[in-house]
Structure formats: C-alpha cells, structure tokens
C-alpha cells in the first residue's frame, strides 16, 4: 500500500517515530523501499553528496527532476519528497508553482521549501493548488551565505522564538511536516510540542517525530568530514574500495574471468 502524507501525521499521533532517508537514484531507492523506509527525500543535497558541488546552491531544477524521476521509478509506493532547489521558488509564486508541478509530474508526492516568513505564504498557495509542502527550519543550507557557513541556529532567545513562530506559521499555511536542522535539542522539542504536524530532525536531537539522514552518511560512504549529527550504520565506503582492488588484482593475475564467468 502506498504511503501518504497522512500516514506521517498518524505516526505522530500514535507516538511512533519514523525515518526519512535521502535517495538520488532508482537502485538505492529500491533498496530503501525494501527496508521499509516510509519517506524518501530527493534532496538538493544531491549537489554536494552526489554531483561533486561544494554546496547545494548550484543544483538546478533539471538536475532535481532527473534524480526525482529515477527515485520514483525505484520506489513509487514510498512517500517521495523533493527539494525545491535554490532559485526555483524565490522569483515569484508563478515560478514556484510551475516548478513544483513539474516535480509532482516527475513522480514526487510533495516538495520541500527552506525558510519561514514569506515561505509560509508560498506554502499556502501551493497547498491550495494541491501540492503538499514540507517545511524546513533552522540551519537551511540554501542560506549558507547569509548564515556565514553551516552554523547551528536558534541559540539566542530571539532566534529561538522566531523558529517557533515560523513553525506555527507553516503549519497554519498547510505544511504537512517540518524538517528541523541544526538547532538545539531543547528547541526542537519545543517546536515538536508546539505543532500538530510531524517534525523530522537532522542535527536537532532525539525529540522530533522522525529523523532524516543523507544516505551516504548512513552507509558509511562519506569521505572526509562527517557531520556531528551523522551516524554511519554500515562501512560500505571501505567495502567498495576493497572490492574494486580485489577485482583489479584478479584481472591482473589473469584469474578473472574464469570458466565459470565465461560463455561457451
């Protein structure tokens, strides 16, 4: 049975915590669906995790659409959410609506928007058009230049109050859930209690209704700096390196392909 936005709300009401994981291709999406992951995010994190960009900012609508179609083919029954990349919704309501429609036509079930304030107004418009919206507050990566880097948000009383107010505004505007990123645990707990829609944390402590991780961090494939909030549950990075080396060694030795792997 297909998973919908209402299933996440029901999980919050039952006190049942859930996960969301990023996916950028059909093969990984299929495996995550097999694992029973209810929600997959085609994040603009595809930029710095999959495409080699240093930030999410260069990601285009065409790139998101390309990966969205692949994920939709691999896991059509999961709840599929796609990020609206930087520049795809800041220009006008008409621009944002057209791009969000394209994502739903590509097989997504909802879109994610970063920010509060004016984003609440856009959320209301998209929701009126039948486009489910997931909000995103706290450390919003598309704002990296305004923040001066990837800095924890919501530490001052004023910033804390603003995030709580933005969360309520997004709920009132029709958002079906909220990602809370890079904020103190106590603030995430306060937001989670203040809204009736599910919160999904990343670097926001244990009290959110759900948790999301980048799939490469989860699988231990990230090289270099690992975010404080990320926990690898496998060591596939080293496994890939070892497998490639073993393959190269067998070929160099002439032991692959052997008779069992050749046609007669």
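Scanning the stretch 125-149 for residues that are surrounded by 16 or more Cβ atoms within 10 Å (Cβ to Cβ) and either touching a helix residue (DSSP H, G or I) at 6+ places or on another chain (Cβ under 9 Å) or closer than 15 Å to residue 5 by Cβ (or both) yields a total of 13. If you go through the stretch 154-174 one residue at a time, do you hit one that is assigned to a loop (DSSP other than H, G, I, E, B) and within 16 Å of residue 123 (Cβ to Cβ)? The answer is yes; a qualifying residue exists. Could you say whether any residue in the stretch 154-168 is out of contact with any strand residue (DSSP E or B) (no Cβ under 9 Å at 6 or more places or on another chain) and closer than 30 Å to residue 102 by Cβ? Within the stretch 154-168 (the criterion being out of contact with any strand residue (DSSP E or B) (no Cβ under 9 Å at 6 or more places or on another chain) and closer than 30 Å to residue 102 by Cβ), the answer is yes, since at least one residue qualifies. Sub-8 Å Cβ pairs linking a first residue in the stretch 230-257 that is more than 11 Å from residue 220 (Cβ to Cβ) to a second residue that is not in a helix (DSSP H, G or I), at least 6 apart or interchain, are 247/256; 250/256, ordered by first then second residue. Among the conditions (1) modelled with pLDDT of 95 or more; (2) within 25 Å of residue 185 (Cα to Cα); (3) assigned to a helix (DSSP H, G or I), residue 146 misses just one, which is (1).
Just the residues that are assigned to a loop (DSSP other than H, G, I, E, B), farther than 22 Å from residue 233 by Cβ and within 19 Å of the chain's Cα centre (by Cα), please, taken from the stretch 3-19. I'd like the intermediate steps shown before the answer.
Just the residues of the stretch 3-19 that are assigned to a loop (DSSP other than H, G, I, E, B), to begin with: 3-4, 15-17.
In the following step, the residues that additionally are farther than 22 Å from residue 233 by Cβ were identified as 4, 15.
The one that is assigned to a loop (DSSP other than H, G, I, E, B), farther than 22 Å from residue 233 by Cβ and within 19 Å of the chain's Cα centre (by Cα): 4.
Does residue 204 satisfy the condition of being part of a loop (DSSP other than H, G, I, E, B) and either in contact (Cβ under 8 Å) with a residue 12 or more places away in the chain or over 18 Å from the mean Cα position of the chain (by Cα) (or both)?
Values: part of a loop (DSSP other than H, G, I, E, B): yes; either in contact (Cβ under 8 Å) with a residue 12 or more places away in the chain or over 18 Å from the mean Cα position of the chain (by Cα) (or both): yes.
Yes, satisfied.
Figure legend. Inter-residue proximity from the stretch 149-164: first residues outside the structural domain of residue 180 (by TED's automatic domain parsing) and under 13 Å from residue 116 (Cα atoms), second residues at pLDDT 95 or above and not in a loop (DSSP other than H, G, I, E, B), beta-carbon distance below 9 Å, spacing 6+ or different chains. No pairs are indicated.
If you check 27, 33, which single one turns out to be touching a helix residue (DSSP H, G or I) at 6+ places or on another chain (Cβ under 8 Å), within 10 Å of residue 75 (Cβ to Cβ) and either assigned to a helix (DSSP H, G or I) or not assigned by TED's automatic domain parsing to the domain that holds residue 179 (or both)? Please lay out each step first, then the result.
Values: 27 fails: within 10 Å of residue 75 (Cβ to Cβ).
The unique qualifying residue is 33.
Looking across the stretch 196-221, just one residue is surrounded by fewer than 20 Cβ atoms within 10 Å (Cβ to Cβ) and either modelled with pLDDT under 95 or under 21 Å from residue 173 (Cβ atoms) (or both), and that is 196.
Can you tell which of 111, 46, 81 is buried (at least 20 other Cβ atoms within 10 Å of the Cβ) and farther than 26 Å from residue 168 by Cα? I'd like the intermediate steps shown before the answer.
Numbers: 111 fails: farther than 26 Å from residue 168 by Cα; 81 fails: farther than 26 Å from residue 168 by Cα.
That would be 46, the only listed residue that is buried (at least 20 other Cβ atoms within 10 Å of the Cβ) and farther than 26 Å from residue 168 by Cα.
Residue under question is residue 257, and the condition is that it be in contact with a helix residue (DSSP H, G or I) (Cβ under 9 Å, 6 or more places away or on another chain), modelled with pLDDT of 95 or more and either within 23 Å of residue 111 (Cα to Cα) or outside the structural domain of residue 22 (by TED's automatic domain parsing) (or both); does it hold?
Details: in contact with a helix residue (DSSP H, G or I) (Cβ under 9 Å, 6 or more places away or on another chain): yes; modelled with pLDDT of 95 or more: yes; either within 23 Å of residue 111 (Cα to Cα) or outside the structural domain of residue 22 (by TED's automatic domain parsing) (or both): yes.
When the stated conditions are applied, residue 257 passes them.
Inspection of the stretch 184-195 identifies no residue that is buried (at least 18 other Cβ atoms within 10 Å of the Cβ), at pLDDT 95 or above, in a strand (DSSP E or B) and in contact with a strand residue (DSSP E or B) (Cβ under 7 Å, 6 or more places away or on another chain).
The values are calculated or read from the model by the stated rules, or taken from the named source; none is laboratory data. All values reported here derive from a predicted model rather than from experimental measurement. For neighbour counting, all protein chains shown are included, and Cβ atoms are generated from backbone atoms with ideal geometry for every residue, glycine included.
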